[in-house]
Amino acid sequence: MSRKRGTREDYLLGGRRLRVLPVTMSLFVSYTSSTSMLGMPAETFTYGFAYVMFAVGAVVSMTIFIFTLVPMMHSLKITSMYEYFYRRYGSWSLRLLITVLGMLQNILLSAIIVLAPALSIEAAAGLPLVSSVLLVGTVGTLFTAIGGLRGVVAVDVLQGAVMVVGIISILFKGVFAVGGIGTVLEIAVQGGRVSPLE
């Protein structure tokens, strides 16, 4: 397996030779960003277990996506939905419009995603917020630019392992601190936090 990134396919798709588990971990980390790690507990605390409806919808939609769009995109050997739209409709203007909208959405999303770890670094290390944002942005940009998709997947696997261990540790510590899973469920029901399941 070559480590050269001489072609667009090698750089953007890892030469189409990446293993399933690392790519799965990378997608997990991509969709479970710092905003999710901070936002989902706050959302659940504020509005109850209604967030589970979003999770169920996401699982259903991703399952449909896996069995419909992914095989089609893989067989066409395309690198993005923007390329698919151009092939499907043959319109450069449509591709440009969708690309600009996608870039705008990603810029706004990236700003929010970079802010959460920057706030954590600011609190833990005492760096000013601007310096923390620049640090997070620079590190992310460098490993993506240097390593291509392989570099992103490698870092995401490590990050995913840390996230999973952290989540499980916090879950066990929290459950045992209040007296077990029965007590947790009792407190949640009393607080009206599981209303969609009742």
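The values are calculated or read from the model by the stated rules, or taken from the named source; none is laboratory data. Note that the structure is predicted; figures quoted are calculated from it, not measured. Heads up, the Cβs are rebuilt from the backbone with ideal geometry, glycines too, and the neighbour counts pull from every protein chain shown.
Below are the figures for this structure:
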{"quantity": "Tally, over segment 29-79, of residues that are surrounded by 11 or more Cβ atoms within 10 Å (Cβ to Cβ), hydroxyl-bearing (Ser, Thr, Tyr) and assigned to a loop (DSSP other than H, G, I, E, B)", "calculated": "3"}
{"quantity": "Failed item in (1) aliphatic (A, V, I, L, M); (2) out of contact with any Ser or Thr (no Cβ under 7 Å at 6 or more places or on another chain); (3) assigned to a helix (DSSP H, G or I), with Leu127 passing the rest", "calculated": "(3)"}
{"quantity": "Single unsatisfied condition, Tyr82 versus (1) part of a helix (DSSP H, G or I); (2) closer than 22 Å to Arg150 by Cα; (3) at pLDDT below 80", "calculated": "(3)"}
{"quantity": "Scope segment 31-49; condition closer than 18 Å to Gln190 by Cα and in contact (Cβ under 8 Å) with a residue 40 or more places away in the chain; matching residues", "calculated": "Thr44, Phe45, Gly48, Phe49"}
{"quantity": "Qualifying residue in segment 54-70 (condition: of a type in the set (Val, Ile, Thr) and modelled with pLDDT under 80)", "calculated": "no"}
{"quantity": "Of residues in segment 152-198 being within 23 Å of the chain's Cα centre (by Cα) and small (Gly, Ala, Ser), the one nearest to Val139 (Cα to Cα)", "calculated": "Ala154"}
{"quantity": "Which numbered condition Thr138 fails, given (1) over 20 Å from Tyr31 (Cβ atoms); (2) crowded, with 16+ Cβ neighbours inside 10 Å; (3) of a type outside the set (Asp, Glu)", "calculated": "(2)"}
{"quantity": "Single match in Leu135, Leu149, Leu101, Leu97 (criterion: modelled with pLDDT under 85 and part of a helix (DSSP H, G or I))", "calculated": "Leu149"}
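So that you can scan it fast, the table gives a plain yes or no per residue for (1) touching a residue at least 60 places away in the same chain (Cβ under 8 Å); (2) over 20 Å from Gly39 (Cα atoms):
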residue	(1), (2)
Ser110	no, no
Ala123	no, no
Gly126	no, yes
Thr144	no, yes
Leu149	yes, yes
Gln159	yes, no
Val162	no, no
Gly174	no, no
Ala177	no, yes
